[in-house]
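Scroll down for the structure; my scribbles are underneath it.
The values are calculated or read from the model by the stated rules, or taken from the named source; none is laboratory data. Since the model is a prediction, treat every value here as computed from it, not as a measurement. Backbone-built Cβ (ideal geometry, glycine too); neighbour counts: all protein chains shown. The protein model used for the area step is the full one, side chains on, heavy atoms only, and it has no ligands, DNA or RNA in it. Shrake-Rupley method; radii C 1.70, N 1.55, O 1.52, S 1.80 Å.
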Amino acid sequence: MDTNAAAARPFRARTIFSTEHEMFRDQVRRFVEREVAPHHRDWEHAGVVPRELWRRAGEQGLLCTMLPEELGGAGGDFGHACIVLEELARVNASGVAFQLHSDIVVPYIQHYATPEKRAEWLPKMVSGEMIGAIAMTEPGMGSDLKAVRTSAVRDGDEWVINGSKTFISNGQNAGLVIVVCRTDPEAGRRGMSLICVEEGTPGFTRGRNLEKIGMHAQDTSELFFEDVRVPAANLLGELNMGFRQLMHQLPQERLIIAVRCGISMETMLEKTIEYTKQRQIFGQTVFDFQVHRFKLAQAKAEIGMFRVYLDDCIARHMKGELSAEEAAAVKLLGTEMQNRLLDDFLQMHGGYGYMAEYEIGRAWADARVGRIYGGSSEVMREIIARTL
Ligand SMILES: Cc1cc2nc3c(=O)[nH]c(=O)nc-3n(C[C@H](O)[C@H](O)[C@H](O)COP(=O)(O)OP(=O)(O)OC[C@H]3O[C@@H](n4cnc5c(N)ncnc54)[C@H](O)[C@@H]3O)c2cc1C
């Protein structure tokens, strides 16, 4: 047994996964170790994950794990989705946004697209042939979703879309983008709709693959829409219900971000214990200094507490019981704790922590966005404050 892994392990075993889930985890771990981990650094330099990886993941049944079998999915539950996410997080594969595709974009198609559109798109999304993205944010609007300006105007049997989006994950690779549009200029949050745009549609262009301080393998991009015409049937669900649809799906997105934090903190604690136990300074190891050992002990205690809370949220989400406020709370706590602890762990690595070849430095930079995207920490506090 790896003693550092044992040292970093939470105080008690997890109980939310079944034997079948754990068998699935073995399969996912083998895939990640073979197909992802050895290549991720190259993808960071390239700024994008190859589409071929998505097709291979599709062949192995790793995409859309929660989608019911009658819609072409694996018929799993949120536990299966967590396992894919956790195994990618374990190797800090921050560019591989399977969870955005499978567990954030696909649910909108599953719940709100017409039967014809589901039949057209979902099989390609399960196979990895069509990669999904969701475009809410605009250059002039992020946290305040209801200020969306990208417009969609009905013209006969089509929607005509004009506007631009920014910071869109999977932006370069996306074959299908859910675009948050204004469909009633006077109605605020009641005048927004979700409309799908496929790649290749005239007038839809991708801008820059944005240069970021972390998540270098993720193709976060600008998207532009100039008189883009799509069939009326590309509207998801009812007209002007976009804001409500987003509010319904966003809690799962926030829980997903927290799941990534949990594994990231556990893995980086393990790696930091390993590093500090072998790095010699002033005739002893870094670990031998009480100041560092105490910080690691404090981290283990806090991460153990977060694990219990997070697994409770996952279990309750699997039963459909997790509220929007609780999802906001677990994201807030997870991302803030992850940023604080990873910064401590990096510090214990000294200059090596700042080197990109060390995982801790990359994980630290990747983690920073957790407090911003999916709704910032301030927005999470606003959501929780409403319950006070
Ligand atoms: C790497 C990355 C990937 C992303 N992927 C996507 C994606 O796939 N799709 C997508 O649509 N968007 C995506 N985003 C955008 C992300 O969701 C937004 O950046 C985020 O919602 C914040 O919006 P903003 O950047 O416009 O900041 P602003 O809204 O301008 O916020 C500026 C500051 O004000 C604070 N603030 C906001 N509201 C309040 C308040 N009520 N009280 C106090 N302070 C407040 C914010 O917390 C922040 O600190 C991504 C962003 C990044 C960086």
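Descriptive notes on the structure:
- Pick from the range 103-115, criterion of a type in the set (Ser, Thr, Tyr) and open to solvent by 10 Å² or more (accessible area, probe 1.4 Å), ranking: farthest from Met136 (Cα to Cα): Thr114
- Among (1) buried (at least 17 other Cβ atoms within 10 Å of the Cβ); (2) closer than 30 Å to Gly76 by Cα; (3) within 16 Å of the ligand (Cβ to nearest atom), the one test that Glu325 misses: (1)
- Within the range 362-388, residues that are under 30 Å from Gly351 (Cβ atoms) reach partners that are within 11 Å of the ligand (Cβ to nearest atom) and among the basic types (Lys, Arg) with beta carbons closer than 9 Å, at six or more positions or on different chains, in the pairs Ala365/Lys212; Val369/Lys212; Ser377/Arg371.
- Test for Ala385: is it surrounded by fewer than 17 Cβ atoms within 10 Å (Cβ to Cβ) and among the small types (Gly, Ala, Ser): yes
- Subset of the range 146-171 (residues that are near the ligand (Cβ under 8 Å from one of its atoms) and hydrophobic (A, V, I, L, M, F, W, C)): Phe167, Ile168
- Leu346 being closer than 17 Å to Arg260 by Cα, surrounded by 17 or more Cβ atoms within 10 Å (Cβ to Cβ) and modelled with pLDDT of 95 or more: no
- The range 346-384, residues that are of a type in the set (S, T, N, Q) and within 14 Å of the ligand (Cβ to nearest atom): Ser376, Ser377
- Selection status of Val308, in contact with a Lys or Arg (Cβ under 9 Å, 6 or more places away or on another chain), among the aliphatic types (A, V, I, L, M) and in a helix (DSSP H, G or I): yes
- Residues of the range 135-144 that are touching a Leu at 6+ places or on another chain (Cβ under 8 Å) and open to solvent by 20 Å² or more (accessible area, probe 1.4 Å): Met136 alone.
- Taking helices (runs of 4 or more DSSP H) as the structural unit, those lying wholly within the range 1-98 and holding at least 1 residues that are at pLDDT below 95 and out of contact with any Ser or Thr (no Cβ under 7 Å at 6 or more places or on another chain) correspond to 3-8.
- Residue in the range 1-32 that is surrounded by the most Cβ atoms within 10 Å (Cβ to Cβ), counting only those that are of a type in the set (S, T, N, Q) and under 24 Å from the mean Cα position of the chain (by Cα): Gln27
- Among the residues of the range 187-219, those that are within 30 Å of Tyr358 (Cβ to Cβ) and either of a type in the set (A, V, I, L, M) or touching a Gly at 6+ places or on another chain (Cβ under 6 Å) (or both) comprise Asn209, Leu210, Ile213, Met215, Ala217, Gln218, Asp219.
- Taken together, the residues in the range 145-168 that are open to solvent by 30 Å² or more (accessible area, probe 1.4 Å), under 23 Å from the mean Cα position of the chain (by Cα) and at pLDDT 95 or above amount to 2.
So that you can scan it fast, the table gives a plain yes or no per residue for (1) open to solvent by less than 10 Å² (accessible area, probe 1.4 Å); (2) more than 10 Å from the ligand (Cβ to nearest atom); (3) in contact with a Cys (Cβ under 9 Å, 6 or more places away or on another chain):
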{"position": "Trp121", "(1), (2), (3)": "yes, yes, yes"}
{"position": "Glu129", "(1), (2), (3)": "no, yes, no"}
{"position": "Asn173", "(1), (2), (3)": "no, yes, no"}
{"position": "Arg189", "(1), (2), (3)": "no, yes, no"}
{"position": "Asn209", "(1), (2), (3)": "no, yes, no"}
{"position": "Met215", "(1), (2), (3)": "no, no, no"}
{"position": "Glu222", "(1), (2), (3)": "no, yes, no"}
